[in-house]
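Values quoted throughout were computed directly from the atomic coordinates according to the rules given, and no laboratory measurement underlies them. Predicted model, so just to flag it, every value in this text is computed and none were measured. Cβ: placed from backbone, ideal geometry, glycine included. Neighbour counts: every protein chain shown.
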Amino acid sequence: AGENAALKRNNNDQVWVPQRARPRRNRKNATMRGMVRENIVTPSNFIYPLFIHEENYNQAIESMPGCERHSLESMLKEVGEAYNLGVKTFVLFPKVPDELKTNLGVEAYNPEGIVPRALRLIKAAYPDSIVCTDVALDPYSDQGHDGVVENGKILNDVTINQLCKQAVCQARAGSDVVAPSDMMDGRVKAIRDALDSEGFTDVSILSYTAKYASAYYGPFRDALDSHPGFGDKKTYQQDPANGREALIEAALDAAEGADMLMVKPGMPYLDIIRRLKDASPLPIAAYHVSGEYAMIKAACEKGWLNEKDVVMETLTCFKRAGADIILTYYAKQAAQWIEQDGLY
Ligand code: PBG
């Protein structure tokens, strides 16, 4: 009387709640957990974003502790260190001096600009690395927008014309993958055609397919000094409230010739990563953006989170959500942890 009816005694008189399935059996020690693990993060999944500038010194980025604007010399050193840890794919973001910024963003296709020079340096030193380049006008725009501005509007088709010149310029300098982050309609097809007409049929397109108008890009805009001069980016980047819209973008990008599809930001948009993964057989990339990085750094500086644990969990969650590729400012650090501790 008063006894829990579910509690029984087994033949050895031990407490027993009879049941067949016991999911904990597959978690009983690290070896068992390793055997049944569904998703594993490896350095070859990473794309490491690097900020570069024209100076011959490095400059800390206050809102992104641990990241800096690299001189070209320091960039090459950072590439080498990451490369030796198995991170062999990079994406370059230039901080451009104000005097080179114009509404048409013409510096974006200067063959002697900082991105082409950086590309040539990396590809000469590490021929089997993959160097990706961002295609969008914002680092080069005196308006701080991704496209050409007229009467307060971001012009779609005029911008595409500029983006095609930018992508071809990057391809000529050795870019392996161009990554349009501008969100203009029809740019993937136009860039594909422009690259192909110049003989760059082997240059890949990693499209920022579902790029949201996000508040998480703040620290990146500090790094590039590229905050929008007026308004916001909501007429071209997606509304954070919308999920189905990402499927429209994904279908268009795939039809226009994208080789890989990206979702951005990462953590708050894991559902979008999963939806694109289920909708498309193309490789899916997740961008763990600057604001996500800054949040983790800030909490860890306060001692409120354990940095290694929280970062490796986050990166693993991207893979579980469906990401094949992860762009993260933690790429080199995570590769170091993986080297020390083994695969997570
Ligand atoms: C710009 C671009 C942005 C990022 C990558 N490319 C910022 C923006 O759209 O304003 C953000 C990356 C990050 O926050 O880490 N085309």
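Values for this structure:
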item	result
Only Lys, Arg (+1) and Asp, Glu (-1) charged, at Cβ; the stretch 24-100 dipole about Cα centre in debye	1280
FRET efficiency, 1/(1 + (r/R0)^6) with R0 51 Å, evaluated for Asp185 and Glu54 via beta carbons	0.95
Nearest-0.05 FRET efficiency for Ala215 and Arg244, computed from C-beta distance (R0 30 Å)	0.85
The stretch 124-277 shape via C-alpha gyration tensor axes, a/c threshold 1.5	rounded
Candidate aspartates and glutamates for bridging to Lys308, where Cα separation is under 17 Å - those fewer than 8 sequence places away on the same chain excluded	Glu292, Glu339, Asp341
Potential lengthening between Thr235 and Lys302 on full extension [0.36 nm per residue; Cα-Cα distance subtracted]	20.4 nm
Computed lengthening from Thr102 to Leu252, 0.36 nm per intervening residue step minus Cα-Cα distance	51.0 nm
Loop-resident sites, the stretch 257-316, for trypsin sites (Lys or Arg not before Pro), counting at most 12 other Cβ within 10 Å (DSSP)	Lys302
All lysines inside 19 Å of Lys95 as judged from Cα atoms, apart from same-chain residues fewer than 8 positions distant	Lys77
Pairs from Lys101/Lys264; Lys211/Lys319; Lys165/Lys264; Lys264/Lys302 whose Cα-Cα separation, in the structure shown, is over 21 Å	Lys101/Lys264; Lys165/Lys264; Lys264/Lys302
Residues Met32, Met75, Met295, Met64 arranged by fewest to most Cβ contacts within 10 Å	Met32, Met295, Met64, Met75
Loop GluC sites (Glu not before Pro), the stretch 9-65 (other Cβ atoms within 10 Å of the site Cβ: 12 or fewer; DSSP)	Glu38, Glu62
Cβ crowding within 10 Å averaged over residues, with 219-230, 82-93, 4-15 ranked highest first	82-93, 219-230, 4-15
Share, in percent, of DSSP beta bridges within the chain that are antiparallel, nearest 5	20
Estimated dipole of the chain in Debye, rounded to 20 [Cβ of Lys and Arg +1, of Asp and Glu -1, Cα centre]	2000
Listed residues Arg244, Arg22, Arg172, most fluctuating in the chain (Gaussian network, C-alpha, under 10 Å)	Arg22
